[in-house]
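Visitor: Dropping a structure here in structure tokens format, bear with me for questions.
The values are calculated or read from the model by the stated rules, or taken from the named source; none is laboratory data. Nothing here was measured: the structure is a model prediction, and the numbers come from that model. We place every Cβ from the backbone using ideal geometry, glycine too, and count neighbours over all the protein chains shown.
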Amino acid sequence: MNECINILIVDDNAANRETLESMLIGLGHDLRFAQSGEEAMSKAFENYPDLILLDVHMPGMDGFEVCKRIRLHPVLGDVPIVFTTASDDKKSKLDAMDAGADDFIVKPIDGMEIRARVKMIIRMNRHGKLKKLHSELEDSYEETLKGWVRALDTRDSATKDHSEKVTGLTTIIAQRAGISGDDLEAVRRGALLHDIGKFGVPDHILRKTGTLTDDEWVIMRTHPQRAYDILEPIKYLAKSLDIPYCHHEKWDGTGYPRQLKGVEIPLAARIFAVVDVWDALLSDRPYRKAWTTEKVIEYIRTNSGTHFDPGVVDVFLKMIAERNI
Ligand SMILES: [Fe+2]
């Protein structure tokens, strides 16, 4: 792919500027020129070049000073800068790097060499831009997820902070169970969004402090299916569906929504089921006080093999004992 970029050529000597122009013109880039450090600064801030070829020795502001000032700029600071100079000594090269140069080309400049260097810098710069875009995209995904969770926590104030706490514990146990990389990230997102389906449960049921009626339970129990319906069309969350969709399944097949049994239940959801109950029972609810740690451990142990996966319970209780929670 031939990419047209904006190159600023800075040299106080007209012949040198023309030489560089003749060497680069065939590459199809947009070439601009400055004949002093001062002019380089104003053109750089005017045009935001993608690359600067910068002469070192110029009357007035020299190349080192131009480079240092550009590096301090919040937007232009990362632009690739290549020094062009007649000095081939070690000190000049070290000074150039110290000033923030990316590369150093010695005059007289060879046409093949400068073209090759320009192409390489464009490639590296494109890679850097892609990486930056990718990380910005990841950040915005994360902020969106946290926004959903905050919105849900605001509606369901009884479970405030529950999502954050269970996400941390679930991720640790998943890691111990051998889940890693992208799969672990999918588990983390799934845990964070585990009750996202409650968006579809009306306030008078979600915020009710008394016992739910049978009819209300029917509606409450729709939240895993609602989570599936919300998340399934979102491509980057497709791998995170296991927990929101399956966290109320039980090891003995008596859970919901699909009555999955044993290892039919995805591992992430089996891990989450233990952590979810652990955190819920240790917290005050409008309808009951928090249980003691000993009582919760006893409950989890008693329900191992019926509600919970016995293998997960073993790992979980071992971790609780080690961490002295
Ligand atoms: Fe739930």
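Visitor: Pull up the range 57-92, narrow it to residues that are in a loop (DSSP other than H, G, I, E, B) and among the β-branched types (Val, Ile, Thr), then point me to the one that is surrounded by the most Cβ atoms within 10 Å (Cβ to Cβ).
Guide: Restricting to residues being in a loop (DSSP other than H, G, I, E, B) and among the β-branched types (Val, Ile, Thr), the top hit is Val79.
Visitor: Then there's this: Taking the range 163-177 only, how many residues are surrounded by fewer than 19 Cβ atoms within 10 Å (Cβ to Cβ) and touching a residue at least 60 places away in the same chain (Cβ under 8 Å)?
Guide: 4
Visitor: If only one of Gly178, Gly111, Gly190 is at pLDDT 80 or above and within 16 Å of the ligand (Cβ to nearest atom), which one is it? Walk me through it before giving the result.
Guide: Working: Gly178 fails: within 16 Å of the ligand (Cβ to nearest atom); Gly111 fails: within 16 Å of the ligand (Cβ to nearest atom).
Gly190 is the lone residue from the list that is at pLDDT 80 or above and within 16 Å of the ligand (Cβ to nearest atom).
Visitor: Would you please name the residue that is modelled with the highest pLDDT, looking only at residues in the range 273-303 that are among the hydroxyl-bearing types (Ser, Thr, Tyr) and under 17 Å from Leu169 (Cβ atoms)? Even if it seems obvious, please write down each step before you answer.
Guide: Residues of the range 273-303 that are among the hydroxyl-bearing types (Ser, Thr, Tyr), as a first pass: 283, 287, 292-293, 299, 302.
The next check asks that each one be under 17 Å from Leu169 (Cβ atoms); those that pass are 283, 293, 299.
Values: Ser283: 87, Thr293: 93, Tyr299: 97.
Of everything passing the filter in the range 273-303, Tyr299 is modelled with the highest pLDDT.
Visitor: Report the residue count in the range 96-113 for those that are surrounded by 19 or more Cβ atoms within 10 Å (Cβ to Cβ) and either assigned to a helix (DSSP H, G or I) or among the hydroxyl-bearing types (Ser, Thr, Tyr) (or both).
Guide: So the answer is 2.
Visitor: So, of the residues in the range 250-297 that are in contact with an Asp or Glu (Cβ under 6 Å, 6 or more places away or on another chain) and under 16 Å from Ser163 (Cα atoms), which turns out to be farthest from the ligand (Cβ to nearest atom)?
Guide: Ala268
Visitor: Another question, then. Can you find, within the range 159-175, the residue that is nearest to Lys239 (Cα to Cα) among those that are away from the ligand (no atom under 16 Å from the Cβ) and not hydroxyl-bearing (Ser, Thr, Tyr)?
Guide: If we take residues in the range 159-175 being away from the ligand (no atom under 16 Å from the Cβ) and not hydroxyl-bearing (Ser, Thr, Tyr), then Ala174 is nearest to Lys239 (Cα to Cα).
Visitor: Just the residues that are away from the ligand (no atom under 11 Å from the Cβ) and within 29 Å of Leu267 (Cβ to Cβ), please, taken from the range 194-205. Explain how you work it out, then say what you get.
Guide: Start the filter on the range 194-205 by keeping residues that are away from the ligand (no atom under 11 Å from the Cβ), which leaves 199-200, 202-205.
Hits for the range 194-205 are Phe199, Gly200.
Visitor: List the number of the failed condition for Phe104; all other conditions in (1) touching a residue at least 40 places away in the same chain (Cβ under 8 Å); (2) touching a Lys or Arg at 6+ places or on another chain (Cβ under 6 Å); (3) among the aromatic types (Phe, Trp, Tyr) hold.
Guide: Only one criterion is unmet by Phe104, namely (1).
Visitor: Now for a separate question. Please tell me if Ile173 is farther than 22 Å from Val274 by Cβ and in a helix (DSSP H, G or I). Talk me through it step by step, then tell me what you get.
Guide: On the way: farther than 22 Å from Val274 by Cβ: no; in a helix (DSSP H, G or I): yes.
Taking the combined requirement at face value, the residue does not satisfy it.
Visitor: Mind listing just one residue for me: the one in the range 207-230 that is assigned to a helix (DSSP H, G or I) and β-branched (Val, Ile, Thr) and, of those, surrounded by the most Cβ atoms within 10 Å (Cβ to Cβ)?
Guide: Residue satisfying both the conditions and the ranking: Ile230.
Visitor: Considering only residues that are in a loop (DSSP other than H, G, I, E, B) and crowded, with 21+ Cβ neighbours inside 10 Å, look in the range 231-247 and name the one that is nearest to the ligand (Cβ to nearest atom).
Guide: So the residue we want is His247.
Visitor: Can Arg176 be described as more than 22 Å from Ala268 (Cα to Cα) and not β-branched (Val, Ile, Thr)?
Guide: Judged against the criteria, Arg176 is not a match.
Visitor: If you don't mind, there's one more thing I want to ask. Taking Ser283 as meeting all but one of (1) hydroxyl-bearing (Ser, Thr, Tyr); (2) more than 25 Å from Val218 (Cα to Cα); (3) surrounded by 14 or more Cβ atoms within 10 Å (Cβ to Cβ), write down the number of the exception.
Guide: Single failed check for Ser283: (2).
Visitor: Can you work out which of the residues in the range 211-230 that are under 12 Å from Gly197 (Cα atoms) and over 25 Å from the mean Cα position of the chain (by Cα) is farthest from the ligand (Cβ to nearest atom)?
Guide: Ile219
Visitor: For Asp156, which of the numbered conditions (1) at pLDDT 90 or above; (2) among the acidic types (Asp, Glu); (3) within 13 Å of the ligand (Cβ to nearest atom) fails to hold?
Guide: Just one mismatch for Asp156, condition (1).
Visitor: Before we move on, is Val263 within 23 Å of Val187 (Cα to Cα), touching a Leu at 6+ places or on another chain (Cβ under 9 Å) and in a helix (DSSP H, G or I)?
Guide: no
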